Each structure stands twice: as structure tokens, then as C-alpha cells.
1. Scanning for something surrounded by fewer than 12 Cβ atoms within 10 Å (Cβ to Cβ), modelled with pLDDT of 90 or more and part of a helix (DSSP H, G or I), does the stretch 190-205 turn up at least one residue?
2. Of all residues in the stretch 46-68, how many are within 15 Å of Glu13 (Cβ to Cβ) and part of a loop (DSSP other than H, G, I, E, B)?
3. Hey, among the residues in the stretch 173-189 that are of a type in the set (Lys, Arg) and surrounded by fewer than 16 Cβ atoms within 10 Å (Cβ to Cβ), which one's modelled with the highest pLDDT?
4. Over 14 Å from Arg106 (Cα atoms) and without any contact (Cβ under 8 Å) to a residue 24 or more places away in the chain: which single residue out of Gly34, Gly60 fits that description?
5. Of everything in the stretch 109-142 that's in a helix (DSSP H, G or I), small (Gly, Ala, Ser) and in contact (Cβ under 8 Å) with a residue 40 or more places away in the chain, which residue is farthest from Gly34 (Cα to Cα)?
6. Can you tell me which residue is modelled with the lowest pLDDT among those in the stretch 1-40 that are charged (D, E, K, R), under 17 Å from the mean Cα position of the chain (by Cα) and under 18 Å from Gly60 (Cβ atoms)?
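The values are calculated or read from the model by the stated rules, or taken from the named source; none is laboratory data. What you see is a predicted model, and the numbers here were worked out from it, not measured in a lab. Positions of Cβ are generated from backbone atoms using ideal geometry, with glycine treated the same way; all protein chains shown enter the neighbour counts.
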Amino acid sequence: MAKTEHYHTKFEEQKFYHLYNRSTDKQPMFRNEGNYEFFLKQYDAYLSPVVDTFAYCLLGNHFHILFRVKVLTGIDLNSLKKFPEDTIPELLHQKTTHDIVCHQLRKFFQSYSMAFNKQQERVGALFQKPFKRALVDNDSYFMQLVYYIHSNPQHHGLTDDFRKWKWSSYNRILIDKPSKLNKMELINWFGDKDKFVQYHNKIQKVIADEIRLDDD
């Protein structure tokens with residue numbers, strides 16, 4: 001079960017967080033490839049201006065994302081006007097880093113939920129509230145968490161090898177293709193690409209168990 005602080009952790013500039021959540025009824029929040037693609041597209045639109053993303057994994061009824069909050073002090077909130085106009089008046093009244101990130105997350109969740117519900121002829125909330133987040137405060141935990149996020153599809157029996165899962169950042173990190181992911185900075189945590197792969201190949205199951213959350 002999620003720790004109580006994972007519902008109330010405050011977002012601060014330049015700190016890393018594990019964002020995770022699942023559907024309210026534990027039913028799939030992704031029904032087809034288009035859903036996965038739209039989720040990533042909307043995440044990029046709403047969150048990339050305020051966070052740097054390092055790893056992610058989208059599964060049937062939940063997701064995991066590792067990001068770092070950007071320096072938002074003095075940010076020109078008018079620069080976010082590429083979003084729907086109705087987000088701007090509310091956002092301009094937000095003052096703290098935590099408020100801004102939470103605002104963007106809420107708008108992101110709303111955007112995906114509305115589109116998914118319309119497509120699936122579904123009504124009601126899609127995501128559990130409040131969304132869960134955990135501060136990642138040391139190097140060892142950061143590396144373990146990257147593995148945990150990437151290995152999640154195999155843990156849940158969605159694939160026999162997490163490296164084959166299309167909707168995680170594992171393979172995108174390894175290919176030399178432009179991306180909003182902070183690939184090089186992430187790889188540097190492990191040393192280089194070979195060590196990144198080796199870590200994923202050799203890490204013991206107990207590490208994942210130690211940080212397993214309530215997504216079973």
C-alpha cells in the first residue's frame with residue numbers, strides 16, 4: 001500500500017520524483033496503441049515545460065514516471081499559453097513550484113480522461129485521487145527505481161521480457177534518436193550505455209521487491 005506521504009509530498013525545484021497512479025476501478029486505462037500514444041503526447045504538452053523526464057512505463061491500468069522538477073522560480077506563466085485558454089487565468093494565480101506542477105498534472109489527467117471516456121463511452125473519474133508521488137533522494141534509490149519502472153511489465157506478466165515492452169523508456173534511452181527524455185544524463189548515472197544495460201540485466205529481484213508499491 002502507498003505510504004501516506006506519497007499523497008502529500010510537495011514538489012520542489014531540482015528534485016526528483018516518482019509519479020505513479022492507476023485507474024479508479026483497476027480496469028485498463030489504455031485500450032489500444034492510440035491510447036498509449038495520446039497519453040505520451042499529452043504528457044509532453046502539459047508536463048515538459050515544468051519537468052525533465054528520465055524514465056517511464058505505461059501498463060494496462062497504471063503507469064510510472066520518474067522526473068525532475070525544473071527551475072520554475074520567475075517562470076513566465078504566459079509562456080504556457082499554448083495550452084487551452086481556460087487554464088491560464090487559474091494558473092496565473094498559482095505562486096509556488098508545487099502549485100504549478102500540480103496544476104499541470106491535473107490538466108494533463110483531465111485531458112487524457114476526457115478523451116478516453118469519450119472514446120470508450122465511459123463516464124466517471126479515470127484516475128485515482130490524489131495522484132501518488134515519492135521523493136527520490138539518493139543515487140542508489142534513483143538507479144533502483146529506473147530498473148523497477150522498466151521491469152514492471154514483466155513483473156505483472158504482460159511480457160516475458162521487459163526489454164520487449166513497447167511502452168517504456170528502456171529502448172528509447174538506448175537508441176540515438178532525438179527525444180524529450182533526458183537520455184544522456186540518465187545514462188551517466190550508470191556510467192555508460194553498456195553499464196546501463198548490465199545493471200538492468202544483473203539487478204536482483206529483491207531490489208524491485210524492496211521498493212514495490214501498491215500497483216499489484
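1. Yes: the stretch 190-205 contains one or more residues that are surrounded by fewer than 12 Cβ atoms within 10 Å (Cβ to Cβ), modelled with pLDDT of 90 or more and part of a helix (DSSP H, G or I).
2. Final tally of qualifying residues: 2.
3. Filtering first and then ranking leaves Lys180.
4. Gly34
5. Per the stated criteria, the residue is Ser111.
6. Arg22
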